[in-house]
Amino acid sequence: MAPGPKGVGQYLRAFDMYRKVPKDLTESSLIGGALSIFAYGLLTILFFWEMRVFFSVNYKTAIEVDHSEDGIFQVNFNITLPGLSCEFAAVDLQNVIGKRRSDLKDRTVHKFSLDGTWQGHATERIHDTEHVYEGTNKDHYGNKRHAIELTAETFRQGIDEYEVMLVDFHAPWCSHCQHLAPIFEHAAEMVKERAPQEIDAHHKHSVMLATVDCTEKKNIPLCREKHIQAYPTMLVFRKSKNRNIQRFGMEIHESYNGKRNAEAIADFTMKVWKEVIADDKELQMGAGTDSTGDGKAESVVR
């Protein structure tokens, strides 16, 4: 009886370049076992060695001779920090005899985001007034709660209930957070007094201030998601289709960098709310809100 036509599987087996010998036809040896153990051990050592080198910090030193006659020594460098916002990047210089210059006053040093957008000079100080906490009775507002306390479970629902929400991401051990806490509560009280609670069917709630404790274990993933790198960080959340920007898989929001007193924070929050109600413009990278009219934005999208 003639054999039938070959199946697809038989044709595939005919082209197999990785044919194997059945285990019953193989024979193990002491040398082979020793070599196998040695190979596994060598691969394990190489793996851990490569991981050690990968996580180690290396310092590179180079000596350059300046042959110029003008007394100016030019240093060109290009450093990329994927996990650091431009606002926290600064350049310090120290020479071999120990002379140190912090935050170089040189406008030839530029900052760029990873998408190539120019973010300003390295000497640009966006936090000139961040450590000035004034205008609030801290004894009175230190025990008051006017801002909403959000957690990872209530965060999304909380920001969805308001057209605008200014959220203070903080840590209780941070001294700056401790100074800001009563001022933020004072600002929340002022916003409550100024903002209407109901507008119309579309704008159910207007504006609110809220806080998130980033030291709480359940809130850590939320703070990482919002790319919180310093405390306190105040982010603006706009309830609209354009309230945030997606960049490199992360949500980018406005961060408030203005004066840290209750009046300034309340004025800024109300200005953002008025912008949202008026025309709800699309946020752009590098843009912000000027609440004082001095031509300098108190917030920035980074």
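The values are calculated or read from the model by the stated rules, or taken from the named source; none is laboratory data. Note that the structure is predicted; figures quoted are calculated from it, not measured. Cβ placement follows ideal geometry from the backbone for every residue including glycine, while neighbour counts extend to all protein chains displayed. Note: areas computed on protein heavy atoms with side chains; ligands, DNA, RNA excluded. Shrake-Rupley method; radii C 1.70, N 1.55, O 1.52, S 1.80 Å.
Table for the structure above
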{"read-out": "SER102 open to solvent by less than 20 Å² (accessible area, probe 1.4 Å) and modelled with pLDDT under 85", "value": "no"}
{"read-out": "Scan of the stretch 149-179 for residues that are aliphatic (A, V, I, L, M) and either in a loop (DSSP other than H, G, I, E, B) or farther than 21 Å from TRP273 by Cβ (or both), ordered by number", "value": "ALA152, ALA171"}
{"read-out": "Inter-residue pairs, beta-carbon under 8 Å, first closer than 15 Å to LEU180 by Cα and in the stretch 142-154, second open to solvent by 80 Å² or more (accessible area, probe 1.4 Å), 6+ apart", "value": "HIS146/LYS192"}
{"read-out": "Some residue of the stretch 51-67 being in contact with a strand residue (DSSP E or B) (Cβ under 7 Å, 6 or more places away or on another chain) and open to solvent by less than 100 Å² (accessible area, probe 1.4 Å)", "value": "no"}
{"read-out": "Extreme residue, modelled with the lowest pLDDT, among residues of the stretch 105-123 that are in a loop (DSSP other than H, G, I, E, B) and small (Gly, Ala, Ser)", "value": "ALA122"}
{"read-out": "Lone unmet requirement of (1) more than 23 Å from GLU275 (Cα to Cα); (2) at pLDDT below 70 for ILE126", "value": "(1)"}
{"read-out": "Residues (assigned to a helix (DSSP H, G or I), of a type in the set (Val, Ile, Thr) and within 31 Å of the chain's Cα centre (by Cα)) located in the stretch 35-64", "value": "VAL53"}
{"read-out": "Criterion (over 30 Å from TRP118 (Cβ atoms) and at pLDDT below 75) met by exactly one of VAL53, VAL21, VAL96", "value": "VAL96"}
{"read-out": "Filtered residue count, the stretch 191-246, keeping only those that are at pLDDT below 60 and either open to solvent by less than 20 Å² (accessible area, probe 1.4 Å) or closer than 27 Å to CYS177 by Cα (or both)", "value": "3"}
{"read-out": "Any hit, the stretch 270-282, residues being modelled with pLDDT under 80 and either part of a strand (DSSP E or B) or closer than 30 Å to PRO82 by Cβ (or both)", "value": "yes"}
{"read-out": "Residue pairs meeting the criteria (Cβ under 9 Å; at least 6 apart or on separate chains; first more than 22 Å from THR108 (Cα to Cα), in the stretch 51-79; second open to solvent by 90 Å² or more (accessible area, probe 1.4 Å))", "value": "none"}
{"read-out": "Neighbours by Cβ (under 7 Å, 6+ apart or cross-chain): first from the stretch 215-227, closer than 10 Å to ALA152 by Cβ; second outside any loop (DSSP other than H, G, I, E, B) and among the acidic types (Asp, Glu)", "value": "ASN219/ASP213"}
